[in-house]
Amino acid sequence: MDYRCPNCARDLATRKLLQSVIARWEIDCRYCGRRIRLNLHPLELKVVTFSFAAFIVFAVLAWQLESNTLTLLALCAGVGGAVALPILERTRLRTWSRYASLARGPGS
């Protein structure tokens, strides 16, 4: 994944840890100071949505049926999504730009 600022082309990859703790849709580039936003790929959204939905379904079924197997499946669904995202980032989304320029409106 390309972590460069779309305005100044400086690498912002070191912000990844901070963003995993404090996720924000819009940030200021620390080099040029211009506002940029996260550019999420539709496949990322699908993986997260599917993983979370599978976790919820398995967890509810495990709770209702008191099944250890379904509890394990729920945990696997949650971990599977967390593992799939870095793999997806390194394979399919190598050239995807993580940040997009945010056009300032009138009077900004």
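Indicate, rounded to the nearest 5 percent, the antiparallel portion of the DSSP beta bridges found entirely in the chain.
Numbers: 7 of 8 bridges.
Restricted to the chain, the bridges split so that about 90 percent are antiparallel.
In segment 48-100, which chymotrypsin sites (Phe, Trp or Tyr not before Pro) fall in coil by DSSP and have 14 or fewer other Cβ atoms within 10 Å?
Values: sites: PHE50, PHE52, PHE55, PHE58, TRP63, TRP96, TYR99; in loops: TRP96.
Of the chymotrypsin sites (Phe, Trp or Tyr not before Pro), not one in the loops of segment 48-100 has a Cβ with at most 14 other Cβ atoms within 10 Å.
Helix 42-65 and the longest principal axis of the C-alpha atoms of the chain enclose an angle of approximately 30°.
At 222 nm, what value in deg cm²/dmol follows for the chain if DSSP H runs of at least 4 each add -39500 (n - 2.57) and the sum is divided by all its residues, to the nearest 500? Show your work: numbers first, answer last.
On the way: 3 runs with 54 residues, N = 108.
After summing the helix terms and dividing by residue count, I get -17000 deg cm²/dmol.
Every number in this text was worked out from the coordinates using simple rules, so none of it is lab data. Computed from a predicted structure; not experimentally measured. Neighbour counts run over all protein chains shown; Cβ positions are idealised from the backbone, glycine included.
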